[in-house]
Amino acid sequence: MKALVRPVATYGCESWTLRKNEETCLDAFEMKGLRRILQVSWTAKKTNEWVLNKTGVKRELLDTVKARVNQNDRGQG
């Protein structure tokens, strides 16, 4: 997921304006990818915490995007 999907998902994120809706979509995208890797159906009634514990990863996509956006904002001034 980190090697192939994340670079595509974050391409150009330095120029994004993040609103709550976009943050929610990024979190959902990350969880959907993890569920896909584990082959867990959305009807399986597994919580996001269960998926994260099973994969042994932390949510990082949104934090990565926020860091890049903030870094770009500081560079613009």
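Just a few scattered comments:
- Looking only at region 32-46, and only at residues there that are small (Gly, Ala, Ser) and surrounded by fewer than 13 Cβ atoms within 10 Å (Cβ to Cβ), the one that is farthest from ALA3 (Cα to Cα): ALA44
- Top-ranked residue in region 47-65 [being surrounded by 11 or more Cβ atoms within 10 Å (Cβ to Cβ) and hydroxyl-bearing (Ser, Thr, Tyr); ranked as modelled with the lowest pLDDT]: THR64
- Region 47-77, residues that are closer than 22 Å to ALA3 by Cα and either touching a residue at least 60 places away in the same chain (Cβ under 8 Å) or part of a loop (DSSP other than H, G, I, E, B) (or both): GLY56, VAL57, LYS58, ARG59, GLU60
- Test result for GLU14, modelled with pLDDT of 85 or more and out of contact with any Pro (no Cβ under 7 Å at 6 or more places or on another chain): no
- Put simply, of ALA28, ALA44, ALA3 the only residue that is part of a loop (DSSP other than H, G, I, E, B) and at pLDDT 90 or above is ALA44.
- Every pair of residues 6+ apart whose Cβ atoms lie under 8 Å, when the first sits in region 7-31 and is farther than 15 Å from THR64 by Cβ and surrounded by 14 or more Cβ atoms within 10 Å (Cβ to Cβ) while the second is hydroxyl-bearing (Ser, Thr, Tyr) and at pLDDT 90 or above: none
The values are calculated or read from the model by the stated rules, or taken from the named source; none is laboratory data. Values in this document were obtained by computation on a predicted structure and should not be read as measured data. Positions of Cβ are backbone-derived with ideal geometry, glycine not excepted, and every protein chain shown enters the neighbour counts.
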